[in-house]
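Asker: My structure is below; once you've seen it, I'll send some questions.
The values are calculated or read from the model by the stated rules, or taken from the named source; none is laboratory data. Worth saying up front: this structure is predicted, and the values here are computed from it rather than measured. Note that each Cβ is placed from the backbone with ideal geometry, even for glycine, and that neighbours are counted across all protein chains shown.
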Amino acid sequence: MNPRKALLILVPYLWLLALFLVPFLIVLKISLSDVALSIPPYTPTLDLSAGWAGFRDFLSELDFENYVFLSEDSLYWKSYLSSLKIALISTFLTLLVGYPVAYGMANAPDEWRPTLMMLVILPFWTSFLIRVYAWMGILSNEGFLNQFLLWTGLISEPLTILNTNTAVYIGIVYTYLPFMILPIYATLEKLDASLLEAAEDLGCTRAGAFWLVTLPLSRPGMIAGCFLVFIPALGEFVIPSLLGGSDTLMIGKVLWEEFFSNRDWPVASAVAVVLLAILIVPIILFQRQQQRQQEAEQ
Amino acid sequence: MKQGISTLLVTVSLTATAAMAEEVRVYNWSDYIDEELLAKFEEETGLDLIYDVFDSNEVLETKMLAGGSGYDVVVPSGTFLQRQIMAGAFQKLDAEKLPNLENMWDVIEKRTAQYDPDNAYSINYMWGTTGIGANVGKVQEVLGEDAPLDSLALVFDPANMEKLAECGVYFLDAPAEMIPAALKYIGEDPDSHDPDVIAKTEEVFMAIRPYISKFNSSEYINALANGDICVAVGWSGDILQARDRAVEADNGVEIVYNAAKEGAQMWFDQMAIPADAPNPEGAHVFLNFIMDAQNMAAASNYVYYANGNKASQEFLVEDVIGDTAIYPDEATLDNLFTTTPYDAKVQRVVTRLWTKIKSGT
C-alpha cells in the first residue's frame, strides 16, 4: 500500500478511534466499576501516578456485577423489548409515509425540486424540543386535533392521545421523517428513467415497472433511511418523556433514571453498553450480508 | 424544589458594562427570583453576573458529582445538599465575608442544620411544604360539601380517588416526596429508610393508581389553573401560582392549598459554593447580597415562597407574610416533617418501587 493511500485510510480510522472507541472504552470501564459517594460518583478510578501496580489494582477491582444485576430485574429486558417494538413500528410507519413523499419529490418538475427539498428541511430550523412541545398542544384533550374532530362530528368525546404510546409513534414519525425522505429521494433522483421506458416497451404496466424496477433500485436509500430512523428511535428519551405516559417503557427513560435518580453511573453505563450491543450486532451482520451479496453480483 | 413550567435550560446572561469585569456564575431553579435583583446586583457590586437555571435536583446533582461545573453558587435542596457535602462537592462558607448572616432566622437554621451541620456550607434561600392543591368547586361537587381538602385521605383513600378520577388528579413525579407522604398516611415514620417499611406503600399506591391521571412535577400549575384537573399533590408556591393564575384569568376556578393535617413534608433550597468554584470571592459577595433583608424580601414577594431570613419579614407584603399557606402558623409548623437522604441501596429500592407504581413493571 502506498503512503498516500495509507494516510487516506488513517483519517477515518482516527476519527473512529477518537469519537467512538475511546468514549466506548470509558463507558465500558465505568460499567465495570462500583457506585460511590464521591466526585466522580464511582470507584475505582485509574491512578496513573502509581504506574503499573496501580493499573493492576485498578483492573482487579473491576467486575461484571452490574451486568448480572441487569439480567436479574425484569424491568431492563422489558424496556429493551418495548423500545425495540416502538422503534421497529415507528421505522416502518416512517417508511410508509416517507417513501411516497420522496417518490413525489423525485418525479416533480425540475424547477420545483429545490423548493420541495427546502420544505422538507425547513422544520429543522426550529428547535426539536419546541416542535415536540407543539405536538403536546395538538394532541392534548383540549388540543387542536380533538377540537377539529369534535367540530366535524366524527367523535363526540375527545380522544386521549397525549401521554399514550400512540403519541410517541406520532412524535417519532414526525421527527425522523426527513431522515427517511432524504436518502430515498437521493436514490430515486439518480434513477435512470430509461430503465422504466425499457420496462414499459417490454410490456410492463406502470405499476409493474414500479414494483420490479423502481422499488428494488431504491432499496439502498430505504435501508439507509431505516437505519437513520431506527437507531436514534431505539434510544429516544425526549419524545417518550414529553409525549408518552407514565407507563411508556423505553430504555432511554430507564437510562435517565439510573443516571439521575439512582446516581448509579456504573449501572447506567452497563445499560448503555447493552444498548450498543443490541444495535451494533445486527448492523454488522447486515453489512456482512450486503458485502457478500455485492461480491456475488460482481 | 421549585419547578418551573419550562423544562428547557434557559440561560439568562445579563449584559455587562465592562467586558473585562469579574464574573460570578449562579445556577438556580427556574422562575425563582425577581430578575430586577440580578440587575441590581451588577449595579451595586460591579461584578458580571451569569445566571443560569435548572428545574430538577437530579440534573444539578449530576453536574456537581461530575465536577468542574464552572458555577460559583448553586441551589440544591436539603437532602441533595447533604449528600453532595458528603461527596466533597462544596466548600465551607467564610462567615467573615458574610456580615448579613445575622439576618438569618434561627427557626429555619435549626432545621437546615440537619442537612448541613452548623450551616457551615450553605445559607437558606427559600423553603416550603409539599401539600394538596384542590379546585374547591369541583371537589365539593364530586365528594360533597365536607370533602377532606386538608387531609391525605383526599388523595390516598381509594373511595375518594375513584370519584375524583372523573375530574382529574396529578401526582408529583418525585418519589422522595410521594413515598414519605404515603408512609405518613399509613401511620409509619415518613423518613423510614427500611426497605420493608417503604415497600408497604406499594399497596397504598396500587389501590389508587388507576385513578391518577398523571405523574408530573410541573404541569399541574397550568392544569389546576385551567380547571383541567381538580386535585394535585404539589409544592406550595407552585399551587399558589396556580391560584393566582386562575384569579387573573377570572375563569371561576378557585384553588386552595393545604399542607396535610396529618403532617406535611417541609423542604429547603440552600445556596452553596462548589468546592471548585472559579470565583469563591464573588460567590460570597452574591450570598451576602441575597441575605440583605430588602433583597430577600423582594425575591419572596415575587415568587410566593417563604425564606429563611428573619430581617426580611418586615419588608414582605401582606399577601406573603400573612398567608398561612406560605408562612404556616405555629401549630402547622410543628406538624411539618423533614426527611434525610437515602443511601445508594435504599435509593435504588425507592426508584424501582416508583417505576413499578408508574409503569406496572
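Asker: Scan the stretch B:130-142 and tell me whether some residue there is closer than 30 Å to B:Leu287 by Cβ and either within 23 Å of the chain's Cα centre (by Cα) or crowded, with 23+ Cβ neighbours inside 10 Å (or both). Write out each step before concluding.
Answerer: Residues of the stretch B:130-142 that are closer than 30 Å to B:Leu287 by Cβ, as a first pass: B:130-131.
Next, only the ones that are either within 23 Å of the chain's Cα centre (by Cα) or crowded, with 23+ Cβ neighbours inside 10 Å (or both) stay: B:130-131.
Yes, there is a match, as at least one residue in the stretch B:130-142 is closer than 30 Å to B:Leu287 by Cβ and either within 23 Å of the chain's Cα centre (by Cα) or crowded, with 23+ Cβ neighbours inside 10 Å (or both).
Asker: B:Tyr115: closer than 22 Å to B:Tyr302 by Cβ, of a type outside the set (Val, Ile, Thr) and not assigned by TED's automatic domain parsing to the domain that holds B:Ala260, yes or no?
Answerer: Working: closer than 22 Å to B:Tyr302 by Cβ: no; of a type outside the set (Val, Ile, Thr): yes; not assigned by TED's automatic domain parsing to the domain that holds B:Ala260: yes.
The answer is no for B:Tyr115.
Asker: Let me ask something additional. From the residues in the stretch B:344-361 that are closer than 22 Å to B:Gln114 by Cβ and touching a helix residue (DSSP H, G or I) at 6+ places or on another chain (Cβ under 7 Å), which one is farthest from the other protein chains (Cβ to nearest Cβ)?
Answerer: Going residue by residue through the stretch B:344-361, those that are closer than 22 Å to B:Gln114 by Cβ are B:344-347, B:350.
Now restrict to residues that are touching a helix residue (DSSP H, G or I) at 6+ places or on another chain (Cβ under 7 Å): B:346, B:350.
Working: B:Val346: 11, B:Val350: 8 Å.
Step by step, filter the stretch B:344-361, then rank; the result is B:Val346.
Asker: Look at the stretch A:151-167 and say how many of its residues are surrounded by 15 or more Cβ atoms within 10 Å (Cβ to Cβ) and in a helix (DSSP H, G or I).
Answerer: Qualifying residue count for the region: 3.
Asker: Name the residue, out of A:Val254, A:Val229, that is more than 14 Å from every other protein chain (Cβ to nearest Cβ), within 23 Å of A:Tyr176 (Cα to Cα), among the β-branched types (Val, Ile, Thr) and in a helix (DSSP H, G or I). Even if it seems obvious, please write down each step before you answer.
Answerer: Details: A:Val254 fails: more than 14 Å from every other protein chain (Cβ to nearest Cβ).
Matching residue, one of A:Val254, A:Val229: A:Val229.
Asker: Between A:Leu62, A:Leu37, which is away from every other protein chain (no Cβ under 14 Å), of a type outside the set (Lys, Arg) and not in a helix (DSSP H, G or I)? Steps first, please.
Answerer: On the way: A:Leu37 fails: away from every other protein chain (no Cβ under 14 Å).
Among A:Leu62, A:Leu37, only A:Leu62 is away from every other protein chain (no Cβ under 14 Å), of a type outside the set (Lys, Arg) and not in a helix (DSSP H, G or I).
Asker: Related question: Give the residues of the stretch B:261-274 that are touching a Gly at 6+ places or on another chain (Cβ under 6 Å) and aliphatic (A, V, I, L, M), sorted by residue number.
Answerer: Across the stretch B:261-274, the qualifying residue is only B:Ala264.
Asker: Is it true that some residue in the stretch A:263-286 is within 10 Å of chain B (Cβ to nearest Cβ), assigned to a helix (DSSP H, G or I) and of a type outside the set (A, V, I, L, M, F, W, C)?
Answerer: no
Asker: Being in a helix (DSSP H, G or I), under 30 Å from B:Met86 (Cβ atoms) and in contact (Cβ under 8 Å) with a residue 24 or more places away in the chain, is that true of even one residue in the stretch A:76-93? Spell out the reasoning first.
Answerer: Step one: filter the stretch A:76-93 for residues in a helix (DSSP H, G or I), giving A:76-93.
Imposing the further condition that a residue be under 30 Å from B:Met86 (Cβ atoms) reduces the set to A:76.
Next, only the ones that are in contact (Cβ under 8 Å) with a residue 24 or more places away in the chain stay: A:76.
Yes: one or more hits.
Asker: Quick one: B:Lys261 ticks every box in (1) assigned to a strand (DSSP E or B); (2) at pLDDT below 95 except a single one, so which number is it?
Answerer: Just one mismatch for B:Lys261, condition (1).
Asker: Kindly provide the set of residues from the stretch A:100-135 that are assigned to a helix (DSSP H, G or I) and among the small types (Gly, Ala, Ser), ordered by number. Step through it out loud before you land on a result.
Answerer: We begin by selecting, within the stretch A:100-135, every residue assigned to a helix (DSSP H, G or I); these are A:100-107, A:110-125, A:128-135.
The answer is A:Ala102, A:Gly104, A:Ala106, A:Ala134.
Asker: Taking the condition of a type in the set (Gly, Ala, Ser), at pLDDT 95 or above and buried (at least 22 other Cβ atoms within 10 Å of the Cβ), does B:Ala242 pass? Can you show your working first?
Answerer: Details: of a type in the set (Gly, Ala, Ser): yes; at pLDDT 95 or above: no; buried (at least 22 other Cβ atoms within 10 Å of the Cβ): yes.
No; evaluated as a whole, the condition is false for this residue.
Asker: Say we look at the stretch B:306-343 and pick out the residues that are buried (at least 16 other Cβ atoms within 10 Å of the Cβ) and within 14 Å of chain A (Cβ to nearest Cβ); which of these is nearest to B:Phe80 (Cα to Cα)?
Answerer: Going through the qualifying residues, I end up with B:Pro341.
Asker: Let me ask another. Note down all Cβ pairs under 8 Å where the first residue falls in the stretch B:86-107 and is surrounded by fewer than 16 Cβ atoms within 10 Å (Cβ to Cβ), the second is of a type in the set (Phe, Trp, Tyr) and not in a helix (DSSP H, G or I), and they're at least six residues apart or on different chains.
Answerer: Pairs found: B:Lys92/B:Tyr121.
Asker: Can you tell me which condition B:Thr201 does not meet? The list is (1) under 20 Å from A:Gly245 (Cβ atoms); (2) outside any loop (DSSP other than H, G, I, E, B), and all the others hold.
Answerer: (1)
Asker: Continuing with this model, one more query. Of the residues A:Gly244, A:Gly235, which single one is under 25 Å from A:Thr166 (Cβ atoms), among the small types (Gly, Ala, Ser) and within 14 Å of another protein chain (Cβ to nearest Cβ)? Don't jump to the end; show me each part of the working.
Answerer: On the way: A:Gly235 fails: within 14 Å of another protein chain (Cβ to nearest Cβ).
One residue alone meets the criteria, A:Gly244.
Asker: Got at least one residue in the stretch B:298-306 being within 19 Å of B:Glu109 (Cα to Cα) and more than 17 Å from the chain's Cα centre (by Cα)?
Answerer: no
Asker: Check whether at least one residue in the stretch A:217-239 is closer than 20 Å to A:Ser140 by Cα, in contact with a Gly (Cβ under 7 Å, 6 or more places away or on another chain) and among the charged types (D, E, K, R), and report yes or no.
Answerer: Within the stretch A:217-239, not a single residue is closer than 20 Å to A:Ser140 by Cα, in contact with a Gly (Cβ under 7 Å, 6 or more places away or on another chain) and among the charged types (D, E, K, R).
Asker: In the set A:Ile251, A:Ile181, which member is crowded, with 17+ Cβ neighbours inside 10 Å and farther than 14 Å from A:Thr91 by Cα?
Answerer: Values: A:Ile181 fails: farther than 14 Å from A:Thr91 by Cα.
Of the residues listed, the single one that is crowded, with 17+ Cβ neighbours inside 10 Å and farther than 14 Å from A:Thr91 by Cα is A:Ile251.
Asker: Out of curiosity, is B:Phe315 of a type in the set (Phe, Trp, Tyr) and within 26 Å of B:Asn100 (Cα to Cα)? Break it down stepwise before answering.
Answerer: Values: of a type in the set (Phe, Trp, Tyr): yes; within 26 Å of B:Asn100 (Cα to Cα): yes.
Answer is yes for this residue.
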